[in-house]
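Report on the following structure.
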Amino acid sequence: MSMKKVLLVVSAVSATVLLLNGCSGTSKYQLTPAGQHVKFVDTKPADSCQFIGQAEGRRGSFFSGTKTHSELIRDAAIDLLNNAASMGGNTIYDAQDATAKYVSDLAPTDAVMEGKVYKCP
């Protein structure tokens, strides 16, 4: 294969990766209007709060480009807030990084956050 063809293939692959990377996280990983009203808490909610269920937020790493695990988990937290809001909750208690494992910050697996969703007055 000639050098010109190699450069053409590398350029095409690079452009595809950049395009997919640019489209991968802008809409799904933003807080919805309802998600903006959900909060994380460290202490168990009061008895006046209604437990709704367990929720999960996930950020896939396949098209994430060079994002670190910390950046992926931040996106997963946004997904968790939005999911809690869609369940009718406004409070997340005991949120945890539930990612099974990751190779390193250079090659992370999907980031997952879990938490207990409550509706508090």
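The values are calculated or read from the model by the stated rules, or taken from the named source; none is laboratory data. As the structure is a prediction and not an experimental result, all values here were calculated from the model. Note that we place each Cβ from the backbone using ideal geometry, even for glycine, and neighbour counts take in every protein chain shown.
If you scan the stretch 81-112, which residues turn out to be among the aromatic types (Phe, Trp, Tyr) and modelled with pLDDT under 65? Walk me through it before giving the result.
Going residue by residue through the stretch 81-112, those that are among the aromatic types (Phe, Trp, Tyr) are 93, 102.
Within the stretch 81-112, just Tyr102 meets the criteria.
Remark: pairs (first residue in the stretch 58-79, farther than 9 Å from Asp110 by Cα and at pLDDT below 60; second residue aliphatic (A, V, I, L, M) and assigned to a helix (DSSP H, G or I); Cβ separation under 8 Å; 6+ apart in sequence or on different chains) = Phe63/Leu20; Ser64/Leu72; Gly65/Val17.
Could you list, in sequence order, all residues of the stretch 31-55 that are in contact with a Pro (Cβ under 9 Å, 6 or more places away or on another chain) and crowded, with 16+ Cβ neighbours inside 10 Å? Within the stretch 31-55, Cys49 is the sole residue that qualifies.
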